[in-house]
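Visitor: Here you go, one structure.
The values are calculated or read from the model by the stated rules, or taken from the named source; none is laboratory data. For clarity, every value in this text was computed on a predicted model and none was experimentally measured. Cβ coordinates were reconstructed from backbone atoms using ideal geometry, including for glycine residues, and neighbour counts include every protein chain displayed.
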Amino acid sequence: MKGYKFKLEALLKIRKLKEEQCKMELGRLQVQISQHKNRIEENQKSVQTSYDSHEVAMGEGITGQEVRFHPYFVAGKMAAIKQHQEEIHRLESIVEERTQELAQLRAKVKVLDKMKEKEKDIYKKELEKKQYQDIEEQVQNWKQYLK
């Protein structure tokens, strides 16, 4: 709308930008959580495969070195799984914080948007009133001209 300028437009843009940044960070965190979950699944499959191959090897004959190595391999994979789970927990707590922050940012943007709409409506009404008065003035002038 021509002539209308919201006084707090710059603040509104900044708050919308912060909201978008928060959304992007939440998305990035969700991707990281998903990656850690995939790594946990991979490690669990690796452990299961290791157990299965170890059982087969025990039936066919296996060297002492291979027997000694297996527990270390499984322990290493379990430690990696635990590490990924701890990282997921840490990331989920950050996601919770960012979600609360996003809710606050959305509320602030919503307040400014409502304020902007309210001021825009007031501006429209004042403009319409002024236009109506101008038309009335012109009609009055026209009536006087015709007399």
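Visitor: List the number of the failed condition for K82; all other conditions in (1) loosely packed, with under 10 Cβ neighbours inside 10 Å; (2) under 26 Å from L29 (Cα atoms) hold.
Guide: Result: K82 passes all but (1).
Visitor: Shifting gears a bit: Can you tell me which residue within the stretch 92-141, out of those that are under 20 Å from the mean Cα position of the chain (by Cα) and among the polar types (S, T, N, Q), is farthest from G27 (Cα to Cα)?
Guide: Across the stretch 92-141, the extreme among qualifying residues is Q104.
Visitor: Could you list all residues from the stretch 52-71 that are surrounded by 12 or more Cβ atoms within 10 Å (Cβ to Cβ) and either part of a helix (DSSP H, G or I) or in contact with a Ser or Thr (Cβ under 7 Å, 6 or more places away or on another chain) (or both)? Talk me through it step by step, then tell me what you get.
Guide: Initial filter on the stretch 52-71 (surrounded by 12 or more Cβ atoms within 10 Å (Cβ to Cβ)): 53-54, 57-58, 62, 66-67, 69-70.
If the condition is that a residue be surrounded by 12 or more Cβ atoms within 10 Å (Cβ to Cβ) and either part of a helix (DSSP H, G or I) or in contact with a Ser or Thr (Cβ under 7 Å, 6 or more places away or on another chain) (or both), then S53, H54, A57, M58, E66, V67, F69, H70 are the ones that fit.
Visitor: Quickly run through the stretch 93-125 and pick out the residues that are over 15 Å from E20 (Cβ atoms), without any contact (Cβ under 8 Å) to a residue 12 or more places away in the chain and not acidic (D, E).
Guide: Residues satisfying the conditions are S93, Q100, A107, V111, K114, K118, I122, K125.
Visitor: Here is a check on your reading of the model: is L26 closer than 30 Å to E117 by Cβ and surrounded by fewer than 14 Cβ atoms within 10 Å (Cβ to Cβ)? Please lay out each step first, then the result.
Guide: Details: closer than 30 Å to E117 by Cβ: yes; surrounded by fewer than 14 Cβ atoms within 10 Å (Cβ to Cβ): no.
Judged against the criteria, L26 is not a match.
Visitor: Right, here's the next one. Could you count how many residues in the stretch 58-86 are touching a residue at least 40 places away in the same chain (Cβ under 8 Å) and among the β-branched types (V, I, T)?
Guide: Residues meeting the conditions: 1.
Visitor: With the requirement that a residue be at pLDDT 95 or above, of a type in the set (V, I, T) and either more than 23 Å from R90 (Cβ to Cβ) or surrounded by fewer than 14 Cβ atoms within 10 Å (Cβ to Cβ) (or both), what does the stretch 29-51 give you?
Guide: The one that is at pLDDT 95 or above, of a type in the set (V, I, T) and either more than 23 Å from R90 (Cβ to Cβ) or surrounded by fewer than 14 Cβ atoms within 10 Å (Cβ to Cβ) (or both): V31.
Visitor: Turning to a different aspect of this structure: Would you mention how many residues in the stretch 81-128 are touching a helix residue (DSSP H, G or I) at 6+ places or on another chain (Cβ under 8 Å) and under 19 Å from L12 (Cα atoms)?
Guide: The initial filter retains those residues of the stretch 81-128 that are touching a helix residue (DSSP H, G or I) at 6+ places or on another chain (Cβ under 8 Å), namely 81, 84-85, 87-88, 91-92, 94-95, 98-99, 101-102, 105-106, 108-109, 112-113, 116.
Restricting the remaining residues to those that are under 19 Å from L12 (Cα atoms) gives 101-102, 105-106, 108-109, 112-113, 116.
Selection size over the stretch 81-128: 9.
Visitor: Which of the residues spanning the stretch 102-147 are hydroxyl-bearing (S, T, Y) and surrounded by 10 or more Cβ atoms within 10 Å (Cβ to Cβ)? Spell out how you get there, then give the answer.
Guide: Filtering the stretch 102-147 down to residues hydroxyl-bearing (S, T, Y) leaves 123, 132, 145.
Answer for the stretch 102-147, where residues must be hydroxyl-bearing (S, T, Y) and surrounded by 10 or more Cβ atoms within 10 Å (Cβ to Cβ): Y123, Y132.
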